[in-house]
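Report on the following structure.
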Amino acid sequence: MDSIQKSEIPAPERESDIEKHAGVTEPSKPEDESAVAEPEQPYSIFSKREKKLITFIASLTTLFPPLTGSMYYPIITELAGDLKVSITKINLTITVYLIFQGLAPSFIGNFSDEVGRRPALIISFVIYIAACIGLALKGTYTALLITRCLQSAGSSGTIALAFAMVSDIVTSAERGSYISYVQMGWMIGPAVGPVLGGVLSQYLGWESIFWFLTIFGVVVLTTCLIFLPETSRKIVRNGSIPPQRWNISLLAYLHLRKSRKSGHAIEKRESGVGAKPRPNPLSSLKLFFDKESCILLLYSGLIYTGQYMVLANMPAQLQGKYNLNTLHISLCYLATGAGIMSAVTFVGPVLDWNFRRHAKRLGIEISKDEQQDLKGFPIEWARLQVSLPLLCISAAAMVVYGWVLQARTSLAAVLIFALLTQFGIASSFSGFSSLIVDLNRERAGTTTAAMNLARCWMGAAGVAIVNPMSNALGIGWASTVIAGSWLLFCPTVLWAIKCGPKWREEKGLKNATIPEVSIESAHNAGHPQTHGKLVTDDSSSSKLWEQHRELGSQVTGSRDQSYDQGSQDRECDLAILRSSAGTGKRSTRS
């Protein structure tokens with residue numbers, strides 16, 4: 001055997017496919033003529049209008065985690081008084097909320113990758129609504145602690161699911177815009193949450209906050225049940241395969257009934273579409289062992305920690321330096337919300353434009369209906385070339401924000417620089433989010449869960465230290481330290497930009513576990529060239545032996561004495577087959 005190559009050839013599902021891969025072929029003819037004649041399928045069959053509807057619903061669902069957390073802050077003292085416990089104990093409910101907010105998406109995101117986005121989203125909302133009802137009904141402190149954990153577990157998975165749905169339906173060429181719109185929901189939540197919480201608690205009591213969240217949750221859940229289709233590519237592929245009958249929206253169900261009555265043929269779902277679900281909640285942790293993903297996850301978490309620290313510290317600073325009441329402090333958050341909203345509308349189109357610009361420079365044709373192969377494409381630079389300058393703007397604005405706040409200058413100046421800070425954070429984080437999903441687009445739910453884990457747990461640590469740090473150093477130096485941490489660790493991101501393409505190539509070679517065995521010794525006597533593509537299936541090594549024997553029987557008829565010198569070659573072939581049986585990837589059977 002002269003050459004041994006590895007390639008990612010899908011496992012054949014019928015004997016004819018095995019024969020086709022292992023059989024004798026002429027060099028001038030393609031190995032699979034039917035594949036050449038078959039037109040390429042678009043990446044997604046959803047129309048632009050349907051994509052916008054899915055993105056809008058996804059953005060709505062991402063409002064819940066930050067909204068639920070930030071609306072809770074104005075009622076801490078009221079809860080402590082009503083339940084007759086200390087504020088420290090009430091703060092413990094915030095701690096467990098953040099812990100579950102980082103942990104739960106690892107379960108929900110991976111579950112959605114295996115079973116479907118829709119079922120995962122519905123289960124999340126059912127848990128969330130039940131928890132909100134429990135919180136609205138006055139109970140004991142223990143009940144508050146438990147229901148707060150359930151509320152976090154139900155709401156926090158929506159961010160992972162929203163990013164995954166967008167990854168299912170759009171290619172890398174337009175992902176920047178769509179992810180920015182999804183990001184609008186969960187980044188604007190911390191800005192408007194305190195306003196809603198302050199108004200509701202002041203005029204209707206703290207229980208009204210949880211009744212409001214219950215009603216809002218029911219409305220969004222109903223919207224999902226009626227309009228939201230299943231998008232998981234493991235379930236529906238590009239949308240052309242119908243999902244399970246229990247997993248269709250009400251709108252799709254009515255359409256199917258109408259089609260049946262009119263006598264139109266309806267495509268049936270193949271019983272074997274998609275692999276058998278095997279959720280693994282720890283799979284999101286695996287991304288932290290990938291060099292490039294780990295750097296980007298931790299750095300994006302550091303960026304978002306800065307946002308958490310600014311928003312969490314604003315009430316104490318504004319009350320202490322400007323003597324504002326709860327309602328007025330809540331209204332100041334509108335400035336940060338405006339910064340986030342303007343970032344979302346600005347950065348998405350810019351990210352897509354920069355992606356197309358790099359593709360044009362490399363002579364790569366971009367199609368919104370086909371997923372681009374990122375091999376050899378500088379996707380890191382295409383995304384972060386926009387994000388890093390905006391992060392520098394945010395760092396500068398944060399430093400100025402801290403010092404004008406410490407100097408007690410005009411409140412308008414404080415709010416302007418708070419707006420610019422949030423604009424830069426939201427803009428830069430959008431680029432990092434798009435890049436992380438681009439690098440792991442086959443497991444978008446799990447990837448977003450890992451992003452959420454880094455963001456929430458690092459943010460929880462930042463919130464815990466921001467008030468003591470501000471009291472010890474002053475808000476001016478505290479803001480300088482936050483901005484300085486971004487610049488301090490920025491070289492790690494530059495390292496990822498430089499080495500990312502090489503790391504991706506190495507990872508691709510490592511994951512290419514399906515061998516292509518080329519035996520050219522048989523051609524010395526002028527026989528047609530024979531390439532044996534042996535497909536490994538972990539179900540049993542006996543199938544490997546059958547393929548090898550079939551290949552051997554085809555070659556035996558045409559080989560001559562020049563091939564008989566290959567007894568050592570055959571032993572090498574068998575060794576490779578035995579090794580492949582232990583390392584090959586399990587194929588998906590229809």
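The values are calculated or read from the model by the stated rules, or taken from the named source; none is laboratory data. Since the model is a prediction, treat every value here as computed from it, not as a measurement. We place every Cβ from the backbone using ideal geometry, glycine too, and count neighbours over all the protein chains shown.
Numbers for the structure displayed
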| item | result |
| --- | --- |
| Scan of region 433-453 for residues that are surrounded by fewer than 24 Cβ atoms within 10 Å (Cβ to Cβ) and closer than 23 Å to PRO190 by Cβ, ordered by number | VAL437 |
| Criterion: surrounded by 15 or more Cβ atoms within 10 Å (Cβ to Cβ), closer than 20 Å to ILE108 by Cα and at pLDDT below 90 - qualifying residue of PRO242, PRO229, PRO279 | PRO279 |
| Residue check, GLU50 of a type outside the set (Val, Ile, Thr) and either touching a Leu at 6+ places or on another chain (Cβ under 6 Å) or surrounded by fewer than 17 Cβ atoms within 10 Å (Cβ to Cβ) (or both) | yes |
| Condition check for ILE108: modelled with pLDDT under 85, assigned by TED's automatic domain parsing to the domain that holds ALA143 and either out of contact with any Cys (no Cβ under 9 Å at 6 or more places or on another chain) or not in a loop (DSSP other than H, G, I, E, B) (or both) | no |
| Selection from region 462-475 of residues that are among the small types (Gly, Ala, Ser) and crowded, with 18+ Cβ neighbours inside 10 Å | GLY462, SER470 |
| Only one of LEU221, LEU161 that is in contact with a Phe, Trp or Tyr (Cβ under 8 Å, 6 or more places away or on another chain) and either over 27 Å from GLN372 (Cα atoms) or hydrophobic (A, V, I, L, M, F, W, C) (or both) | LEU221 |
| Scan of region 398-432 for residues that are within 22 Å of GLY474 (Cβ to Cβ), of a type in the set (Ser, Thr, Tyr) and crowded, with 23+ Cβ neighbours inside 10 Å, ordered by number | TYR401, THR421 |
| Options THR88, THR61, THR77; residue that is of a type in the set (Ser, Thr, Tyr), surrounded by fewer than 19 Cβ atoms within 10 Å (Cβ to Cβ), closer than 24 Å to TRP457 by Cα and out of contact with any His (no Cβ under 7 Å at 6 or more places or on another chain) | THR88 |
| Qualifying residue in region 511-534 (condition: at pLDDT below 80, assigned to a helix (DSSP H, G or I) and out of contact with any strand residue (DSSP E or B) (no Cβ under 9 Å at 6 or more places or on another chain)) | yes |
| Top-ranked residue in region 476-492 [being surrounded by 22 or more Cβ atoms within 10 Å (Cβ to Cβ) and of a type outside the set (S, T, N, Q); ranked as nearest to the chain's Cα centre (by Cα)] | TRP486 |
| Where LYS286 falls short, out of the listed (1) surrounded by fewer than 19 Cβ atoms within 10 Å (Cβ to Cβ); (2) more than 21 Å from the chain's Cα centre (by Cα) | (2) |
| Subset of region 120-170 (residues that are within 24 Å of GLN183 (Cα to Cα) and not in a helix (DSSP H, G or I)) | VAL170 |
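For every residue, the table says whether it meets (1) free of Cβ contacts under 8 Å to residues at least 24 places away in the same chain; (2) among the hydrophobic types (A, V, I, L, M, F, W, C).
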{"site": "SER434", "(1), (2)": "no, no"}
{"site": "ASP438", "(1), (2)": "no, no"}
{"site": "ARG441", "(1), (2)": "no, no"}
{"site": "ALA450", "(1), (2)": "no, yes"}
{"site": "MET458", "(1), (2)": "no, yes"}
{"site": "ALA472", "(1), (2)": "yes, yes"}
{"site": "SER479", "(1), (2)": "no, no"}
{"site": "PHE489", "(1), (2)": "no, yes"}
